[in-house]
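The values are calculated or read from the model by the stated rules, or taken from the named source; none is laboratory data. Because the structure is a prediction, the values reported are computed rather than measured. Glycine gets a Cβ as well: all are built from the backbone with ideal geometry, and neighbour counts include every protein chain shown. SASA here: full protein model, heavy atoms, side chains in, ligands and nucleic acids out. Shrake-Rupley method; radii C 1.70, N 1.55, O 1.52, S 1.80 Å.
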Amino acid sequence: MIYQNSPTFASRNTLDMEEIEVKILEMDPEETRARLVSAGAEWEFDHILEALFFDWPDGRLRAKGDLLRLRREGPVAVLTYKKFISQAGAKVMRETETTVGDFGVMREILLASGWQITKETRKRRIQYRWRDCHVVIDDYEGELAAIPPFVEIEAPSVEALEELRQTMGWGGLPAYAWSTYELAQHYGLG
């Protein structure tokens, strides 16, 4: 995979950032890349993401729509807590995250603290920036490999998200405000 200096690989601490996103299913990666480049989007990176999702034994995070994720993003490990806000028109989560020094050590700390791993994922992610939006092409490997490549759009507002969809010619395609769990369930993998 190709790594470059990008915000994804930089040390980061984010508190109370609102994440607004949708998924558009079953997108051809090459056609999507060509469309993005033609619209002036800038390539940011292409790499493998490995993630562990955690919950308490009673499943209270998932029941609320929240999540705790430890993800390896190339050479960087990131711990993220996402608090559910809404799924009206787009998935909106309040995101708090920080880089951690060692993926394996953080995993062991979480497990020793009583958290349980509820899902492990691995996917190839290609990311572009269009204005103040991120567009990613995700392609899962492993147990979620049956999910066809899809596009995820993250924008600072629902209006910016819709503008990007219209510009790319995706306005008529269904856009889903789904979590990873809901995506897996859609394909019978949940």
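Here are some notes:
- Tally, over the range 17-57, of residues that are open to solvent by less than 10 Å² (accessible area, probe 1.4 Å) and either in a helix (DSSP H, G or I) or without any contact (Cβ under 8 Å) to a residue 40 or more places away in the chain (or both): 2
- Those residues of the range 58-70 which are open to solvent by less than 30 Å² (accessible area, probe 1.4 Å) and either of a type in the set (D, E, K, R) or in a helix (DSSP H, G or I) (or both), in sequence order: 61, 66, 69
- Contacts under 6 angstrom Cβ, first residue in the range 157-171 being closer than 15 Å to residue 40 by Cβ and at pLDDT below 95, partner open to solvent by less than 50 Å² (accessible area, probe 1.4 Å) and among the basic types (Lys, Arg), 6 or more apart: none
- For the range 126-151, the candidate set comprises residues that are in a strand (DSSP E or B) and open to solvent by 20 Å² or more (accessible area, probe 1.4 Å); within that set, the residue that is farthest from residue 177 (Cα to Cα) is 129.
- Test: residue in the range 94-115 that is within 15 Å of residue 181 (Cα to Cα), part of a strand (DSSP E or B) and not polar (S, T, N, Q): no
- From the options 35, 12, residue that is over 23 Å from residue 183 (Cα atoms) and at pLDDT 65 or above: 35
- Qualifying positions in the range 95-121 - more than 18 Å from residue 49 (Cβ to Cβ), among the hydroxyl-bearing types (Ser, Thr, Tyr) and surrounded by 13 or more Cβ atoms within 10 Å (Cβ to Cβ): 96
- Test: residue 83 is in a strand (DSSP E or B), over 12 Å from the mean Cα position of the chain (by Cα) and of a type in the set (Lys, Arg): yes
- Screening residue 83 with (1) without any contact (Cβ under 8 Å) to a residue 24 or more places away in the chain; (2) surrounded by 18 or more Cβ atoms within 10 Å (Cβ to Cβ) gives one miss only, at (2).
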